[in-house]
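Input: a single structure, listed below in structure tokens.
The values are calculated or read from the model by the stated rules, or taken from the named source; none is laboratory data. From a predicted model like this one, the values you see are computed outputs, not experimental measurements. With ideal geometry, Cβ positions are generated from the backbone for all residues, glycine too; neighbour counts draw on all protein chains shown. For the accessible areas, the whole protein counts, side chains as well, though only heavy atoms, and no ligand, DNA or RNA atoms are used. Shrake-Rupley method; radii C 1.70, N 1.55, O 1.52, S 1.80 Å.
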Amino acid sequence: MNKPLRRIAIFCGLLVLALLIRDNWIQYVQADALQSRKENRRVSIERYATPRGDIIVDGKAITGSVETKGTDYKYKRTWKNGEMWAPVTGYASQIVGATQLESLEDGILTGNDDRLFFRNTLDMITGKKKQGGSVVTTLNAAAQKAAFEGLGDKKGAVAAIDPQTGAVLALASTPSYDPSSFAGISSKDSETFSKLEKDSDKPMLNRALRETYPPGSTFKVVTAAAALENNVVSGIDEATDSPEPYRLPESSTDLTNQHGDCENATLRDALKVSCNTVFAKLSDSVGNDKMIEQSEKFGFGEAELDIPVRAAESVYPEDNRPQNALDGIGQGSNRATPLQMAMVSAAIANDGKLMKPYMVDQLRASTLDVIESHEPEELSQAVSPDTAQALQDMMETVVNDPAGTGGSAKISGATVGGKTGTAQHGLNNKELPYAWFISYAKLSDGSSPVAVAVVVEDGSADRGEISGGGLAGPIAKSVMQAVINSKK
């Protein structure tokens, strides 16, 4: 072979080799990336080619599928009481994709999860159509209904947890939306989704998980925990040597109280009537580093809290002395999700042990075979059992003492501990305050089946500490009552 022909042959061989390398690269290296690209309609068509598996609450499906016509997508998703369950399920839309459980557990729900390979192979051999599996949640339907109806037409959120396991029992957010309203691929579905996205009330925002708020006076239980754990106070019934008013450190600003006799108040009495002066001084005495450390034991600063939907990070920041004092009463730079404040209450109710929140109990195949089960997991020992008991005594005083701010949460036949909060916001605090309530309920056998956090963003609230008990307390009560009733 002469030299030019040999060069051409070598060049052609290199081209063939390059083609083979490129082909294998696409098939084996880029396959997953190409398959998951939103421009690849085959993936979406396959996702909606069969009825989607269901999301289960209390043994019943809260989702379904209906056959559609005139489109490549054969089935679309439906929800029962979609507005109530949207903060739990998210949406699965032919036009915009999926979120939350619908997205995270898509492989199980569509039947495409690798763990279903053997099941799918048998179905293919026998000629049976592929079926999606189911996602069994930890949610309590009665508690979810109580939370959703309690919030009503107000902006706000509720998170309820089983303190002993971390199981999420309720997760409500209002205003909400019906995922069924844009589950298809029509122009009407597109218009509905666009309108929801632009709505100034943010109905698609999951306030229970993704919104952080100034925690207001509910944070005083964390400050009390830090003071007890660091021996800043000797006991909950000892005078705290607190002046009224209290001059914020390194400043010329005096902090006052809304009501109650707070000068030198004991820790118990200070929490009962929510003394700003006492808890600001305690936060300063504990110091910013130790306050951060205590907050993190309750879950603050956790940037990857997946339940399995990821919650926004709650923060207690590095701050100067005056800001740290305000952080101690929940009116500084610290912010928290409703889920986070439910975790605080749950840890106190569970003798100081904080369990990791989760809301998926099992993943099942279409045959009901269990593919995966969740095991409760300890996140931290937030406080010692002795400190937890002291905090319980204080929170129960808030509810049971006639002078306490949490009387609206009392439940006959149960012991309730709680803490109200009114968090100021807006320029110069001109906006209506956020009304908070955190609580737990204990049964006669000493067990605690539920801890709750409620935040109401708006409403005809006065600016006193009582507004947390007046607006949010009754909602917390109804959620706790629903869980207790389900145990009977």
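Under 5 Å between amide hydrogens, built in the peptide plane, is the criterion, and for E302 it picks out S314 among residues at least 5 positions away or on other chains. Entry comment: accessible area of the chain is 45 Å² per residue, from protein heavy atoms only and a probe of 1.4 Å.
Dimensions of the chain along the principal axes, based on C-alpha atoms and rounded to the nearest Å, stand at 101, 61, 41, largest first.
How large is Rg/Rh for region 235-367, to two decimals, with Cα atoms and a Kirkwood Rh?
That ratio equals 1.09.
Around the Cα centre of the chain, unit charges on the Cβ atoms of Lys, Arg, Asp and Glu (plus for the first two, minus for the last two) sum to a dipole of about 2700 debye. Principal semi-axes of the equivalent ellipsoid, √(5λ) from the alpha carbon gyration tensor of region 192-236, are 42, 8, 6 Å from largest down.
May I ask you to list, by number, the DSSP H helices of the chain whose Cα span along the axis is at least 24 Å and whose average Kyte-Doolittle hydropathy reaches -1.0 or more?
Numbers: long enough: 3-24 (32 Å, 1.05).
TM-like helix candidates: 3-24.
Using a 1.4 Å probe over the heavy atoms of the protein chains, calculate the carbon and sulfur portion of the accessible area of region 290-343 as a whole percent. So the carbon and sulfur contribution to the accessible surface is 40 percent. In the assembled protein chains, S190 presents an accessible area of approximately 50 Å² (probe radius 1.4 Å). When the Cα positions of Q424, M394, A239 are compared along the charge dipole of the chain, Q424 comes out farthest toward the positive end, with charges on each C-beta of Lys, Arg, Asp and Glu.
With runs of 4+ DSSP H residues as the only contributors, calculate the mean residue ellipticity of the chain at 222 nm using -39,500 (n - 2.57) per run, divided by the residue total and rounded to the nearest 500. Working shown, then result.
Working: 18 runs with 177 residues, N = 488.
It lands at -10500 deg cm²/dmol.
Length available on full extension from K290 to D199: 0.36 nm per residue minus the Cα-Cα distance, which gives 28.6 nm. Rolling a 1.4 Å probe over the protein chains gives L171 an accessible area of about 0 Å².
What does the charge count around Q381 come to, taking other residues whose C-beta lies under 14 Å from its C-beta (Lys +1, Arg +1, Asp -1, Glu -1)?
Details: positive: K297, K353, K356; negative: E229, E293, E296, D351, E377, E378, D386.
Residues close to Q381 contribute a combined charge of -4.
Rg(Cα) of region 180-284 divided by 2.2 N^0.38 Å?
Numbers: Rg = 22.5 Å, N = 105, 2.2 N^0.38 = 12.9 Å.
Expressed relative to 2.2 N^0.38 Å, the Cα Rg reads 1.75.
Most tightly packed first, judged by the mean number of other beta-carbon atoms within 10 Å of their residues, the peptides 200-212, 245-257 read 200-212, 245-257. Measuring from each cysteine beta-carbon in the chain, the ones with no other cysteine beta-carbon under 4.7 angstrom are C12.
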